[in-house]
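Values quoted throughout were computed directly from the atomic coordinates according to the rules given, and no laboratory measurement underlies them. Every value quoted in this text rests on a predicted model; they were computed, and no experiment measured them.
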């Protein structure tokens, strides 16, 4: 399943907000430095969908606020 994600970094809390079945807004506390925010996004989606972190990949948008995330 592929998911469209819009990311806000430097937020007050880590939070996932579903906008539909395949669209999400996500806020992370981490800064977008050295992949820290991307790692937190993978961790939050793993908890949200109850799957292993290894089953979640950021397919596009590694350096963008708009990302496509794939869950196997």
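Points to keep in mind about this one:
- Across 28, 59, 42, mean-square fluctuation computed from a Gaussian network of the chain (C-alpha pairs under 10 Å connected) peaks at 59.
- Among beta bridges that DSSP assigns inside the chain, antiparallel share in %, nearest 5: 70 percent
- Max mean-square fluctuation residue, GNM over the chain, Cα-Cα springs under 10 Å, options 19, 62, 44: 19
- For the chain, a Gaussian network of Cα nodes joined below 10 Å ranks 27, 39, 50 by mean-square fluctuation, and the top entry is 50.
- Degrees separating the helix 36-49 axis from the principal Cα axis of the chain, which is the longest one: 40 degrees
- Gained length - residue 72 relative to residue 25, 0.36 nm times residue gap less alpha-carbon distance: 14.9 nm
- Semi-axes of the equivalent ellipsoid of the range 2-71 are 16, 13, 12 Å, computed as sqrt(5λ) over the eigenvalues of the C-alpha gyration tensor in descending order.
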